[in-house]
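Notes follow once the structure below has been shown.
The values are calculated or read from the model by the stated rules, or taken from the named source; none is laboratory data. Quantities reported herein were computed from a predicted structural model and do not represent experimental measurements. Positions of Cβ are generated from backbone atoms using ideal geometry, with glycine treated the same way; all protein chains shown enter the neighbour counts. Side chains are part of the model used for accessible areas, which takes the heavy atoms of the whole protein and leaves out ligands, DNA and RNA. Shrake-Rupley method; radii C 1.70, N 1.55, O 1.52, S 1.80 Å.
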Protein chains: 6
Amino acid sequence: MLITRLFKFSASHRYYDEARSPAENWALFGPCSYPNGHGHNYVLEVSVRGIVDPTTGMIINLKDLKTVVDQEVTQRYDHRHLNLDVDDFAGTQPTTEQVAVAIWQRLVAKMPIGELARIRLWENDDLYAEVSP
Amino acid sequence: MLITRLFKFSASHRYYDEARSPAENWALFGPCSYPNGHGHNYVLEVSVRGIVDPTTGMIINLKDLKTVVDQEVTQRYDHRHLNLDVDDFAGTQPTTEQVAVAIWQRLVAKMPIGELARIRLWENDDLYAEVSP
Amino acid sequence: MLITRLFKFSASHRYYDEARSPAENWALFGPCSYPNGHGHNYVLEVSVRGIVDPTTGMIINLKDLKTVVDQEVTQRYDHRHLNLDVDDFAGTQPTTEQVAVAIWQRLVAKMPIGELARIRLWENDDLYAEVSP
Amino acid sequence: MLITRLFKFSASHRYYDEARSPAENWALFGPCSYPNGHGHNYVLEVSVRGIVDPTTGMIINLKDLKTVVDQEVTQRYDHRHLNLDVDDFAGTQPTTEQVAVAIWQRLVAKMPIGELARIRLWENDDLYAEVSP
Amino acid sequence: MLITRLFKFSASHRYYDEARSPAENWALFGPCSYPNGHGHNYVLEVSVRGIVDPTTGMIINLKDLKTVVDQEVTQRYDHRHLNLDVDDFAGTQPTTEQVAVAIWQRLVAKMPIGELARIRLWENDDLYAEVSP
Amino acid sequence: MLITRLFKFSASHRYYDEARSPAENWALFGPCSYPNGHGHNYVLEVSVRGIVDPTTGMIINLKDLKTVVDQEVTQRYDHRHLNLDVDDFAGTQPTTEQVAVAIWQRLVAKMPIGELARIRLWENDDLYAEVSP
């Protein structure tokens, strides 16, 4: 059984691989390679698997889950430029895939109870990445 | 292969554990412990796994699925107070987790064809619980 | 020109007119008349008309708008039973129409800058009321 | 790890089994059996499982995924009548289940990289079918 | 003050002007001119302006509004082909604009109380037409 | 009568008034003043008022509307940093209000037929600005 809470943050990013030529970058990344970046309203679904406590009816208290996600994700990524303000994407691109992987790594060992079962990260209404163990 | 139909109901509920002090209840449940309760527009996703009938193209006729869900869930929970009008949550709280578990137990043996594969219950746009076998 | 911010709250309510018979109440209100009430995830759109400050680019600072709406609406209605916990609906029913009217009256004289131009209150995805001057 | 992109198309369809009587068709399919059909805004979620390329940050370039889905699905189904304009549903009905199966079969061998992990097809906001290996 | 209720129906349609050549039809309508048509999940917002009854809290009883919309719109358009099954679009095309106009004309004189203030018709998530007096 | 089409673009921005101190900027703009900016998935609703052509059923051909919006808005703002890549916000901030005003000014004289009646710009699901004549 899983409980899932959604979180939101806004961030900007850019895709550009310094090891490739400008023409190769354009072919790979198109307008995502513009020098000053662009941004998104990200939506993050965090799913926790666990036992329902019979007296509280909860797998995890949502306040505790929010505390962890705020500390590990929102305070680092929200209103930030993911290339310039965050260390997590050195040597790669802050694609939906890589942002999801970074969030998974930040959260997986931090659950106060239960276990992280799945995260889903929406970059916009048409695109999401999913990580599970 | 799964077919999933969404159903909606509106209900009110309250979280309060009589075995705990008022202060403990407030610490655990916050405003969910207010004495007169509050409510939600619940959305229920019911997923059925099965074989597609080659002539009808269906795993299950959606009219038959609706009949079961109406009888087992909607007629019991819709426009109701989950603590006061329903027996399913005695000794626990009607949290998203526990409402999902109760719905699973009500539906799992009642599929006229196929098998119940997953239910997902949304309490609001930001929170859902998921049960599967 | 208008700027509109959405706010959310969860509340329960019941429709019952003591001056009418139980049968008349049922005919008028159907399951909304069940004694213990039910509830909704309300969404409130608050629209402010005004002049855009040329240096801040804002009609109203959204933090100031949030402060007013929290104080006048959210702290009174959120996680509450609108019949039992709030005085605003004595002698009438907390329908979408009446809740919208009550919110309009609470907010209209409280804008720190600009003027309240329109409120829209959604009871669920299929129903909303709208008040304007 | 999965990356999922959503695609949209509009199509019309009709459910009618020539081997059954008109009365049986009505009992089975109701208004879906009207002779001239009706239609939907379909939403298709295509999920690809694979390895994230460390320099591009991508499982699959979304432009390449879009090329395949356009060629195999959108150009065949979009703005079309699924019974009259498409061969995929001879002898069965273009139900959500069968359209999802047909899309799966069209896409499964065509991924330029990674593997097709799941498709989800929404017929409207309340109904979807899901296929996975 | 306005109360607005949403209604849904699914229908198919085709755009083709017999007075124009095939090439002109293609230039004007593109894939909307395919001979067998396509379809949509329409969403209709019906807004009624009126006085709130002080004892019921309602501008109009939503059951009465639903009865009128079912009779005038849903029973005629739902699961239908708007060109072939409905008389309302002879000599024109069932565009979002024209379907909205036809619905307005069907509903405007039929409100049991209050007055029709606005209708908004969504053809999909990206397109809507609006009619008001 | 109005027809409205939605358009989407992704952009980044920052709020910072050089004429104010860092502390004043923080007090006014909070995390929106971070030096490297952040971003959003913007949704733009463009409403055109006009006469429905009786043979085409259209106020404006949506292809023509799309051409104008692409040229005036999408090609300038999409995947761009609104402070660094666009001239429209010199001396002010690219707030939802100011971006809406800039879009209005770009579009108002460019309608090939009918007249621009209203634009609504969503910065995220909880905030929008509206401009009308």
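Taken over segment A:109-133, the residue count meeting the criterion of being more than 15 Å from D:M1 (Cβ to Cβ), among the basic types (K, R) and in contact with a strand residue (DSSP E or B) (Cβ under 6 Å, 6 or more places away or on another chain) is 0.
Number of residues in segment D:9-60 that are of a type in the set (D, E) and touching a Leu at 6+ places or on another chain (Cβ under 8 Å): the value is 2. Filtering segment D:103-117 to residues that are under 11 Å from the mean Cα position of the chain (by Cα) and either within 14 Å of D:Y16 (Cβ to Cβ) or open to solvent by 10 Å² or more (accessible area, probe 1.4 Å) (or both) leaves D:W104, D:Q105, D:R106.
Within segment F:54-62, is there a residue that is more than 9 Å from every other protein chain (Cβ to nearest Cβ), more than 16 Å from F:K8 (Cβ to Cβ), open to solvent by less than 50 Å² (accessible area, probe 1.4 Å) and of a type outside the set (D, E, K, R)?
Residues of segment F:54-62 more than 9 Å from every other protein chain (Cβ to nearest Cβ): F:60.
When the remaining residues are screened for being more than 16 Å from F:K8 (Cβ to Cβ), the result is F:60.
If we keep only those that are open to solvent by less than 50 Å² (accessible area, probe 1.4 Å) as well, we get F:60.
Still in the list and also of a type outside the set (D, E, K, R): F:60.
Yes - at least one qualifying residue is present in segment F:54-62.
In segment D:11-36, the residues that are at the interface with chain E (Cβ under 9 Å from one of its Cβ atoms) and surrounded by 15 or more Cβ atoms within 10 Å (Cβ to Cβ) form Cβ pairs under 6 Å with partners that are among the acidic types (D, E) and assigned to a loop (DSSP other than H, G, I, E, B), at six or more places apart or across chains, as follows: D:N36/E:D85.
Identify, from the list C:G50, C:G57, the residue that is touching a residue at least 40 places away in the same chain (Cβ under 8 Å) and closer than 30 Å to F:S21 by Cβ. If you could, list the steps in order and put the result at the bottom.
On the way: C:G57 fails: touching a residue at least 40 places away in the same chain (Cβ under 8 Å).
When all the criteria are applied, what remains is C:G50.
Does segment B:37-44 include one or more residues that are open to solvent by 10 Å² or more (accessible area, probe 1.4 Å), over 26 Å from C:N83 (Cβ atoms) and within 14 Å of chain C (Cβ to nearest Cβ)? Within segment B:37-44, none of the residues are open to solvent by 10 Å² or more (accessible area, probe 1.4 Å), over 26 Å from C:N83 (Cβ atoms) and within 14 Å of chain C (Cβ to nearest Cβ). Return only the number of the condition from (1) modelled with pLDDT under 95; (2) in a helix (DSSP H, G or I) that B:V68 does not satisfy. The one condition B:V68 does not meet is (1). Could we say that C:L28 is in contact with a Phe, Trp or Tyr (Cβ under 9 Å, 6 or more places away or on another chain) and within 30 Å of B:D85 (Cα to Cα) here? Against the criterion (in contact with a Phe, Trp or Tyr (Cβ under 9 Å, 6 or more places away or on another chain) and within 30 Å of B:D85 (Cα to Cα)), C:L28 qualifies.
Which ones in segment A:73-94 are within 10 Å of the chain's Cα centre (by Cα) and either surrounded by fewer than 19 Cβ atoms within 10 Å (Cβ to Cβ) or within 11 Å of chain D (Cβ to nearest Cβ) (or both)? Explain how you work it out, then say what you get.
Initially, segment A:73-94 is screened for residues within 10 Å of the chain's Cα centre (by Cα), giving A:73-74, A:77, A:94.
Matches in segment A:73-94: A:T74, A:P94.
Among the residues of segment D:46-53, not a single one is within 13 Å of chain E (Cβ to nearest Cβ), modelled with pLDDT of 95 or more, in a strand (DSSP E or B) and buried (at least 20 other Cβ atoms within 10 Å of the Cβ). Among residues of segment A:102-130 being closer than 14 Å to A:Y42 by Cβ and β-branched (V, I, T), the one that is nearest to the other protein chains (Cβ to nearest Cβ) is A:I119. Residues of segment F:79-133 that are among the small types (G, A, S) and either outside any strand (DSSP E or B) or at pLDDT below 95 (or both): F:A90, F:G91, F:A100, F:A102, F:A109, F:G114, F:S132.
Within segment A:60-95, track down each residue that is closer than 25 Å to B:D17 by Cα and either in contact with a His (Cβ under 6 Å, 6 or more places away or on another chain) or of a type in the set (A, V, I, L, M, F, W, C) (or both). Step through it out loud before you land on a result.
Within segment A:60-95, the first condition is being closer than 25 Å to B:D17 by Cα, and the residues that meet it are A:60-67.
Selection gives A:I60, A:L62, A:L65.
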